[in-house]
Structure formats: C-alpha cells, structure tokens
1. Name the residues in region 31-50 that are open to solvent by less than 40 Å² (accessible area, probe 1.4 Å), under 18 Å from residue 61 (Cα atoms) and under 14 Å from the mean Cα position of the chain (by Cα), would you?
2. Considering region 37-51 alone, what residues qualify as being polar (S, T, N, Q) and within 13 Å of residue 27 (Cα to Cα)?
3. Please determine whether any residue of region 72-82 is part of a strand (DSSP E or B), modelled with pLDDT of 85 or more, of a type outside the set (Ser, Thr, Tyr) and loosely packed, with under 11 Cβ neighbours inside 10 Å.
4. Just wondering, is there one or more residues in region 7-29 that are open to solvent by 90 Å² or more (accessible area, probe 1.4 Å), more than 20 Å from residue 89 (Cα to Cα), among the hydroxyl-bearing types (Ser, Thr, Tyr) and modelled with pLDDT of 65 or more?
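The values are calculated or read from the model by the stated rules, or taken from the named source; none is laboratory data. Nothing here was measured: the structure is a model prediction, and the numbers come from that model. Cβ sites come from the backbone with ideal geometry, for glycine too, and all protein chains shown count toward neighbours. The protein model used for the area step is the full one, side chains on, heavy atoms only, and it has no ligands, DNA or RNA in it. Shrake-Rupley method; radii C 1.70, N 1.55, O 1.52, S 1.80 Å.
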Amino acid sequence: MQEFVEERQGLGLTYQISRKHLKIAFKEFAYGIYKRRLLEGASEDSDDWQVGHPILFPNILAVGSGGGALWKVHSYQMRVPIDDEHSQHYWYMAYESA
C-alpha cells in the first residue's frame, strides 16, 4: 500500500511490483522451478533475470531484494487453494539489517 501511495504522490518513485515485465523465463531445478523476469528499466545483468526466484512446489515463491546499505528483505509468497477458482495469497516478509 505504501508503494502505491508514494507513486501516486508523484515523488518520482517506481517500485518493482508496478514495472512492466519485458521477459519471463523458467528453469527447472531439483525442488521446483526458477522464475526469471526482466523488468522495464532493468538490464539483463540484474539478479531478477540472471538468478531468478525459486518457486518451491507446490505453492511457495521465495523472493529477495536489496534495500541498499540499510537493509535487505526476504519475501515468501504462499498460495493456498480455496476452491476451483480462488486462492488465498499470503506474504511472509523478513527484514535483515545491514
């Protein structure tokens, strides 16, 4: 929510979640799939494209991102089926100070 508010205030801030995906790729590994993405404004040298995010079967996505010199965040997204058409989406976030 904070990201949405800051973008709408016109402060010149753009967050990853709102950037357009230019490319998406997937690669299998022993416990699932790596999801790689190239976001608008990022280079192909970025970790999002070179390393990706592991999708741990059957329903977990692990995401990490830098926060600069002050902190680093680790995010785990869990999707739980509710019925044939709906899923509950949980985010667990852990912040690591530098």
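1. Of everything in region 31-50, those that are open to solvent by less than 40 Å² (accessible area, probe 1.4 Å), under 18 Å from residue 61 (Cα atoms) and under 14 Å from the mean Cα position of the chain (by Cα) turn out to be 37, 38, 39, 48, 49.
2. Passing the criteria: only 50.
3. yes
4. no
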